[in-house]
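**Student:** Dropping a structure here in structure tokens format, bear with me for questions.
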Amino acid sequence: MTEKTKCLIIGSGPAGYTAGIYAARADLKPILYQGLQPGGQLTITTEVENFPGYPEGITGPDMMEDLRKQCERFGTDVRWGIITAVDLSQRPFRVTADDGKEILADTLIIATGATAKWLGLDSEKKFNGYGVSACATCDGFFYRGKEVAVVGGGDTACEEATYLANLCKKVYLVHRRDELRASKAMQQRVFRTPNIEMVWNGIPKEIVGGQTVDGFIVKDAKTGEERRLDVEGVFIAIGHKPNTELFQGVLDMDEMGYLITKPDSTATNIHGVFAAGDVQDKTFRQAITAAGTGCMAAIEAERFLGEI
């Protein structure tokens, strides 16, 4: 079965749902496929306190439910399911869903997001949202005056560690090697920060605690000796993977797989295809910036349709 739409949105989360709100209000009658994780990364987040409009804070799942309802209120056709194939060689774009349905779309908004890379520990999954996080900017506020650990050795890990050092009593930066991969400037920032302690050759073994985290077991890669860090938070900063497999070889990407958009725009290298949220943002990765680019993508899709 084939159907036609002016605007197809692939992915949910703040970017996809906001794009749906704006596209529906512009009478584009958008169809939105939520993907494997409806609501995106925020559905595995507990408290969100830095999104404007929620003075008392809100849980990530509740916020995404609010956005979905608002999206549907204006007429977006929000669907369960994933997109399994795309043909962007000509307009309308030909897209296939996992139920076999084929959709012809005049414009396409990609909001498939990015997935945090994790260590793969069972205890990491157990405490996710209860002391384990992949975003210091999102969750660092909850650890004011406490001791925490950051895992990683690149620029992201150094940025997270220095950010947390302004809030926390002490920050352990755990890296599996004896030198950082980060830029020299970022390394110097870390080394100049007195309450950051380097844990070199540190292999994460286990995150421990009761209801929440109260310790982190790290093994020395050279000696085999294990050490317990008495921390209440563990921040995993080993990178993110953008969910762009569907578009490889079709849309322009950087070396990490993030979609490349034009300056001051969400437009990709294919006319009528726009990208919003973490799928094209490796710098900020915040709910509010994702929502902003979702708005931009919908406005740009509306303008594109008005010009053809």
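**Student:** Could you line up Ser123, Ser89, Ser12, Ser183 from fewest to most neighbouring Cβ atoms inside 10 Å?
**Tutor:** Listed from fewest to most nearby Cβ atoms, that is Ser89, Ser183, Ser123, Ser12.
**Student:** A further question on this structure: Treating the angle as unsigned and between 0 and 90°, give the value, to the nearest 10°, between the Cα long axis of helix 13-25 and the longest Cα principal axis of the chain.
**Tutor:** Approximately 20 degrees, to the nearest ten.
**Student:** Test of understanding: extend the Cα→C-beta vector of Gln187 to 7 Å, then name every residue of segment 156-177 with backbone N under 15 Å from that spot.
**Tutor:** Backbone N within reach: 156-159, 175-177.
**Student:** So, one more: Based on alpha-carbon centroids, what's the gap between segment 229-256 and segment 143-215 in Å, whole number please?
**Tutor:** Centre-to-centre distance over Cα atoms comes out at 19 Å.
**Student:** Amide H neighbours of Val199 under 5 Å, at least 5 residues apart or on other chains, H built in the peptide plane: list them.
**Tutor:** Leu173, Val174, His175
**Student:** Pull the list of the chain cysteines that no other Cys approaches to under 4.7 Å, Cβ to Cβ.
**Tutor:** Cys7, Cys71, Cys158, Cys168, Cys295
**Student:** Same structure, new question: Each residue of segment 197-210 in turn: what ³J(HN,Hα) in whole Hz from Karplus with 6.51, -1.76, 1.60 and θ = phi - 60°, glycine and Pro shown as x?
**Tutor:** Each residue's phi maps through the Karplus curve to give 10, 6, 10, 6, 6, x, 9, x, 9, 6, 9, 10, x, x Hz.
**Student:** Another one. Once you list every other residue whose beta carbon is under 15 Å from the beta carbon of His240, what net charge do they have if Lys and Arg are +1 and Asp and Glu are -1?
**Tutor:** Within the 15 Å Cβ shell, the charges total -4.
**Student:** Given Cα pairs under 8 Å that are at least 6 residues apart, what percent is the relative contact order of the chain? Let's see the in-between values first.
**Tutor:** Working: 724 pairs, mean separation 64.1, N = 308.
Once divided by the residue count of the chain, the mean separation gives 21 percent.
**Student:** Could I ask something else about it? Using the crude model of +1 on Lys and Arg Cβ and -1 on Asp and Glu Cβ, and no other charge, please compute the dipole size for the chain relative to its Cα centre, in debye to 20.
**Tutor:** Approximately 360 debye in magnitude.
**Student:** What do you get for the angle between helix 60-73 and the principal long axis of the chain? Use alpha-carbon atoms, 0 to 90 degrees, nearest ten.
**Tutor:** 10 degrees
**Student:** Right, next: Taking the Cβ of each residue in Cys135, Cys7 as the centre, tally the other Cβ atoms inside 10 Å and list the residues starting with the fewest.
**Tutor:** By the 10 Å Cβ count, ascending: Cys135, Cys7.
**Student:** From the P(r) of segment 180-308, could you give the percentage of C-alpha pairs in the tail past 18 Å?
**Tutor:** Of all Cα-Cα distances in segment 180-308, 69 percent exceed 18 Å.
**Student:** So, in Å, what gap is there between the alpha-carbon centers of segment 8-35 and segment 49-81?
**Tutor:** Comparing the Cα centres of segment 8-35 and segment 49-81, I get a distance of 12 Å.
**Student:** Over 26 Å between Cα atoms: which of Lys126/Lys170; Lys125/Lys282; Lys126/Lys222; Lys146/Lys219; Lys184/Lys241; Lys117/Lys170 fall into that group? Write out the running numbers ahead of the final one.
**Tutor:** Working: Lys126/Lys170 24 Å; Lys125/Lys282 23 Å; Lys126/Lys222 28 Å; Lys146/Lys219 22 Å; Lys184/Lys241 24 Å; Lys117/Lys170 24 Å.
From the list (Lys126/Lys170; Lys125/Lys282; Lys126/Lys222; Lys146/Lys219; Lys184/Lys241; Lys117/Lys170), the Cα-Cα distance tops 26 Å for Lys126/Lys222.
**Student:** Between (i) 26, 25, 20; (ii) 32, 22, 18; (iii) 39, 20, 17, which entry matches semi-axes √(5λ) of the Cα gyration tensor in Å as derived from the coordinates of this structure?
**Tutor:** (iii)
**Student:** Taking the chain as the reference, fit the longest principal axis to its C-alpha atoms, fit the long axis of helix 287-307 to the helix C-alpha atoms, and give the angle between the two in degrees, 0 to 90, nearest 10.
**Tutor:** In the chain, helix 287-307 runs at an angle near 20 degrees to the longest axis.
**Student:** Let me make sure I get this right: for segment 118-236, a, b and c are the square roots of the gyration tensor eigenvalues over alpha carbons, sorted descending. Under 1.5 in a/c it's rounded, otherwise prolate if a/b > b/c, else oblate. Which is it? Present the calculation step by step, with values, prior to reporting the outcome.
**Tutor:** On the way: a/c = 1.66, a/b = 1.13, b/c = 1.47.
It comes out oblate by the Cα gyration axes.
Here, each number is a calculation from the coordinates, and none is a lab measurement. Keep in mind that what you see is a predicted model, and the values were worked out from it rather than measured. Counting neighbours? That spans all protein chains shown, and the Cβs are built from the backbone with ideal geometry, glycine included.
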